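The values are calculated or read from the model by the stated rules, or taken from the named source; none is laboratory data. Keep in mind that this is a model prediction, so the values were computed, not measured. Positions of Cβ are backbone-derived with ideal geometry, glycine not excepted, and every protein chain shown enters the neighbour counts.
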2 protein chains.
Amino acid sequence: MNEPLCQILDIKIDDHVVRDDMERVRVLVTQCGNFTPDEVDMAVELVEARLGQGDKSGYFFLFARLPSGRLAGYSCYGPIAATDGRFDFYWLAVTPEYQGSGLASRIQVATEEVMVGIGAKRSYLETSSTPPYEAARRFYTKVGYRMDGINRDFYRKGDDRCVFVKALVEE
Amino acid sequence: MNEPLCQILDIKIDDHVVRDDMERVRVLVTQCGNFTPDEVDMAVELVEARLGQGDKSGYFFLFARLPSGRLAGYSCYGPIAATDGRFDFYWLAVTPEYQGSGLASRIQVATEEVMVGIGAKRSYLETSSTPPYEAARRFYTKVGYRMDGINRDFYRKGDDRCVFVKALVEE
């Protein structure tokens, strides 16, 4: 059980996006197994938008990189337009070998810190009500998010959207 | 009271986006008076994204044009990524002189028809809980939307997000 923890110590988290990250995100998100091909494409398109438009894209990233350059995990977030410091936490994904290692919560904490650094007061995230996302819902609850509403059949019939929110600063 | 109705007959609705529509949308949305400068910029940016990336932008438009070329109203909508035929009805705006003329509901009906033509099963829209948006909330309820949840303080403290949904086809 020590091995993954040692490996975590070799992981560097940075916010610099390069072209190869499109393919790295595709590999990572596909490995997760949870996501539909559409969702995988969507994850990659956000990296592409970032590369093309920079901050103006509205998408910001943290990458947890192994010494090999491969990703162990990543997050994507950005301000919600026309709100007072509300941010969307779009993606948080960790490869299966790092699930349960503590890496996800390290990335989540780091993401919320950088969000606050650029003006975030609240973090919102959306996830599915279906069983494959149960671990994700439990994780978010554990790290301080509360469910702020369910939109029934939002993704498709039988697949609801759960909206979670976390206050990052006092208001 | 006949005059606005006659003018409506001169209004042509089309879905063709040209560069001048950026400025026309800015003028229209500013005239509405409801929207913050940030929101006005956001409305214009969606037109710009459409011009740059076409369908790939995810933003589609209907423009209600006066013979002069000026806009009497417009709508913006698009598919919600990774959902089964869920669409976002991002914007519906009509100049003050056409409010109450029936133009808004003509644009809304036309928008939902073209949405269904490209695969929409449900239309979602989001609006503020604050008094300036009361007429909008009443309008959407009248034309078949139901409130599907409120996210408290979503836009800013004291300004909630109301999520509305309308089924466009049987599922």
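Find the residue count for region B:90-102, including only residues that are out of contact with any Gly (no Cβ under 9 Å at 6 or more places or on another chain) and surrounded by 20 or more Cβ atoms within 10 Å (Cβ to Cβ).
Qualifying residue count, region B:90-102: 2.
What residue, of B:A104, B:A81, is without any contact (Cβ under 8 Å) to a residue 40 or more places away in the chain, of a type in the set (A, V, I, L, M, F, W, C) and in contact with a strand residue (DSSP E or B) (Cβ under 7 Å, 6 or more places away or on another chain)?
Residue meeting the stated conditions: B:A104.
Just to be sure before I move on: is B:L62 within 20 Å of B:C162 (Cα to Cα), in contact with a helix residue (DSSP H, G or I) (Cβ under 8 Å, 6 or more places away or on another chain), away from chain A (no Cβ under 13 Å) and not small (G, A, S) in the structure I sent?
Spelling it out, it is not the case that B:L62 is within 20 Å of B:C162 (Cα to Cα), in contact with a helix residue (DSSP H, G or I) (Cβ under 8 Å, 6 or more places away or on another chain), away from chain A (no Cβ under 13 Å) and not small (G, A, S).
Kindly indicate the residue of region B:72-85 that is buried (at least 23 other Cβ atoms within 10 Å of the Cβ) and not polar (S, T, N, Q) and also farthest from the other protein chains (Cβ to nearest Cβ) among those meeting that condition.
Of everything passing the filter in region B:72-85, B:A72 is farthest from the other protein chains (Cβ to nearest Cβ).
State which residue is surrounded by the fewest Cβ atoms within 10 Å (Cβ to Cβ) when the search covers only region B:21-44 and only residues that are among the β-branched types (V, I, T) and touching a residue at least 24 places away in the same chain (Cβ under 8 Å).
Only one residue tops the list, namely B:V27.
I need the full set of residues from region A:47-59 which are facing chain B (nearest Cβ under 10 Å) and among the aliphatic types (A, V, I, L, M), in order please.
Of everything in region A:47-59, just one residue is facing chain B (nearest Cβ under 10 Å) and among the aliphatic types (A, V, I, L, M), namely A:A49.
Tell me, yes or no, whether region B:92-111 has at least one residue that is within 30 Å of A:K121 (Cβ to Cβ), within 14 Å of the chain's Cα centre (by Cα), within 12 Å of chain A (Cβ to nearest Cβ) and modelled with pLDDT of 95 or more. Talk me through it step by step, then tell me what you get.
To start, the set of residues in region B:92-111 that are within 30 Å of A:K121 (Cβ to Cβ) comprises B:92-93.
Those still in the list that are within 14 Å of the chain's Cα centre (by Cα) too: B:92-93.
Adding the requirement that they be within 12 Å of chain A (Cβ to nearest Cβ) leaves none.
Scanning region B:92-111, I find no residue that is within 30 Å of A:K121 (Cβ to Cβ), within 14 Å of the chain's Cα centre (by Cα), within 12 Å of chain A (Cβ to nearest Cβ) and modelled with pLDDT of 95 or more, so the answer is no.
Considering only region A:163-170, I want to know if a residue exists there that is β-branched (V, I, T) and assigned to a helix (DSSP H, G or I).
No; the residues of region A:163-170 include none that is β-branched (V, I, T) and assigned to a helix (DSSP H, G or I).
Looking only at region A:132-148, count how many residues are surrounded by fewer than 18 Cβ atoms within 10 Å (Cβ to Cβ) and in a strand (DSSP E or B).
Residues in region A:132-148 being surrounded by fewer than 18 Cβ atoms within 10 Å (Cβ to Cβ) and in a strand (DSSP E or B): 2 in total.
Quick check on my filter: what residues within region A:60-82 are at pLDDT 95 or above and under 22 Å from B:W91 (Cα atoms)?
Listed by number, the residues that qualify are A:G78, A:P79, A:I80.
Of all residues in region B:129-171, how many are of a type in the set (F, W, Y), within 16 Å of the chain's Cα centre (by Cα) and within 11 Å of another protein chain (Cβ to nearest Cβ)?
Counting residues in region B:129-171 that are of a type in the set (F, W, Y), within 16 Å of the chain's Cα centre (by Cα) and within 11 Å of another protein chain (Cβ to nearest Cβ) gives 1.
Is there a residue in region A:87-95 that is closer than 30 Å to B:D159 by Cα and among the small types (G, A, S)?
no
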